[in-house]
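Peer 1: Sharing a structure below in structure tokens format, with a few things to ask.
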Amino acid sequence: MKCLASGLACLACFLLLPWFSSADEPTDGPPRHVFANKAIKLTVYLPDVDKGYYRGVRFDWSGLIARVEYKKHVLFGEWKTPHKPEDPEGALGTAEEFGILSPPGYKDAKPGETFIKIGVGELKKEKDDNYFFMTPYPLVTTGDWKYTKKNNAVDFEQTLKTDSGWGYRYIKRLALDGDKPAFTIAHELHNTGKKAIETDVYNHNFFIVDDDPIGPNYRVRFGFPAKAPEKHELGELAEVGAEGLVVRRDLGNKTFYVQLDGLTDKAANNHFTVEHLKSRLALCVTGDTALSKFNVWSIKTALCPEPFVAIKLSPGETMKWSSRYEIQEMGAKKP
């Protein structure tokens with residue numbers, strides 16, 4: 001399925017959905033921004049050190065899409081309950097993470113010294129051991145966060161400077177694509193410190209439709225000839241073949257994981273489509289930057305295609321990258 005919106009499908013969106021010129025902001029619960037066009041409505045949680053939905057030290061605090069509403073359907077949602085804001089894995093939706101294996105500065109830091117987790121802040125290393133993303137490292141500072149809410153977008157900016165020489169300015173923009181059932185997540189990372197930043201970033205993409213548990217209704221197609229390595233953790237739950245990754249049975253209390261083979265260094269590989277057979281909806285995601293690896297992880301409450309982008313910035317350098325998400329209706333006629 002190509003990532004081109006069907007003219008007829010878009011027309012149907014305009015006819016069947018109400019016009020959203022603006023959305024009422026909720027006054028209770030964690031800070032969030034709700035905005036919409038004629039086709040889709042987004043609910044996005046905002047970073048807040050005291051009241052934020054997510055205050056853990058694993059995932060980027062910005063750009064957490066809690067739900068996408070399209071016609072009578074809802075994409076994304078909470079995958080882990082009960083929710084705890086400080087839980088390292090307590091994010092949801094389009095949660096992103098920098099440096100899952102080893103964030104900048106961790107390896108060289110001694111116990112009691114600090115390292116950085118982009119999108120979170122400056123953290124303290126307490127023991128002389130390997131980094132583990134589920135460890136609740138003490139948060140020293142989040143740096144300075146600010147955001148700007150607009151009718152069709154939300155902009156985030158985090159700036160951080162540490163005494164140990166690390167520094168960055170991180171910008172993210174989450175914007176609707178006109179009146180199409182689509183949005184883009186655009187990033188800029190500026191190295192403002194004295195040390196080179198070498199890490200990676202991926203979007204966890206906690207995908208689910210209408211709270212339908214992950215099972216045979218789901219599959220993922222890739223923009224490259226994906227293969228599972230000889231040793232993998234799919235078991236009998238899923239398989240990778242000509243149709244992409246197909247979930248073969250309900251997961252129940254089990255999970256699966258695979259790091260895919262078949263990537264090249266071409267940006268064209270940065271593409272995947274998650275299909276939900278019951279609703280006949282597909283979420284097509286296309287990035288503009290070559291990938292370093294591609295993982296898929298799943299639990300019964302979320303199917304997670306995880307495209308990784310490598311980052312290497314000398315002091316003073318900047319990197320930009322973006323991904324576009326588009327909802328399509330499977331089997332819609334082409335114009």
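The values are calculated or read from the model by the stated rules, or taken from the named source; none is laboratory data. Note that the structure is predicted; figures quoted are calculated from it, not measured. Glycine gets a Cβ as well: all are built from the backbone with ideal geometry, and neighbour counts include every protein chain shown. For the accessible areas, the whole protein counts, side chains as well, though only heavy atoms, and no ligand, DNA or RNA atoms are used. Shrake-Rupley method; radii C 1.70, N 1.55, O 1.52, S 1.80 Å.
Peer 1: Give the accessible surface of the range 36-97 per residue, rounded to a whole number of Å², with probe radius 1.4 Å and ligands, DNA and RNA excluded.
Peer 2: That works out to 33 Å² per residue.
Peer 1: Calculate log10 I(q)/I(0) of the range 20-127 for q = 0.16, 0.18, 0.24 Å⁻¹, where I(q) comes from the Debye formula with a single equal point scatterer on each Cα and nothing for solvent.
Peer 2: -0.76, -0.90, -1.29
Peer 1: Compute the distance in nm between two label points, each set 7 Å from the Cα along the Cα-to-Cβ direction, one at residue 248 and one at residue 51.
Peer 2: Going by the 7 Å Cα→Cβ label model, 4.9 nm.
Peer 1: Within the range 34-54, list the residues whose amide N lies under 15 Å from a label point set 7 Å along Cα→Cβ of residue 80.
Peer 2: 53-54
Peer 1: A follow-up question, please. Can you pick out the pairs among 80/117; 227/293; 38/71; 41/320 whose Cα atoms lie more than 21 Å from each other?
Peer 2: Where the Cα-Cα span goes over 21 Å, the pairs concerned are 80/117; 41/320.
Peer 1: Report the gain in length on full extension from residue 110 to residue 267: 0.36 nm times residue separation, minus Cα-Cα distance, nm rounded to one decimal.
Peer 2: Net length gain for the segment: 52.8 nm.
Peer 1: Determine the calculated [θ] at 222 nm for the chain from helices alone, applying -39500 (n - 2.57) to every DSSP H run no shorter than 4 residues and normalising by the residue count; nearest 500 deg cm²/dmol.
Peer 2: -1000 deg cm²/dmol
Peer 1: Between residue 330 and residue 310, 0.36 nm times their residue separation minus their Cα-Cα distance comes to what?
Peer 2: Computed gain between residue 330 and residue 310 is 4.0 nm.
Peer 1: What FRET efficiency comes out for residue 130 versus residue 322 if R0 is 35 angstrom and r is the Cβ-Cβ distance? Round to the nearest 0.05.
Peer 2: Computed FRET efficiency for residue 130 and residue 322 comes out at 0.65.
Peer 1: Report the full-extension gain for the segment residue 148 to residue 102: residue separation times 0.36 nm, less the Cα-Cα distance, to one decimal in nm. Mind showing how you got there, number by number?
Peer 2: Details: separation 46, 0.36 × 46 = 16.56 nm, distance 3.08 nm.
Contour length minus Cα-Cα distance gives 13.5 nm.
Peer 1: Can you tell me the Rg and the Dmax, both Å, for the Cα atoms in the range 88-232?
Peer 2: 18.1, 52
Peer 1: What number results when the radius of gyration of the range 150-275, computed over Cα atoms, is divided by 2.2 N^0.38 Å?
Peer 2: Compactness ratio reported: 1.37.
Peer 1: What is the P(r) of the chain, as percent of Cα-Cα pairs per 10 Å bin from 0?
Peer 2: 6, 26, 34, 25, 8, 1, 0
Peer 1: So for the pair residue 255, residue 212, with labels modelled 7 Å out along Cα→Cβ, what separation do we get in nm?
Peer 2: Going from the residue 255 label point to the residue 212 one covers 2.4 nm.
Peer 1: List the residues of the range 191-234 whose backbone N lies under 12 Å from a point placed 7 Å from the Cα of residue 277 along the Cα-to-Cβ direction.
Peer 2: Label zone hits: 215-220.
Peer 1: Give me the three principal axis extents of the range 73-133 from the C-alpha atoms, as integers in angstrom, largest value leading.
Peer 2: 48, 20, 17
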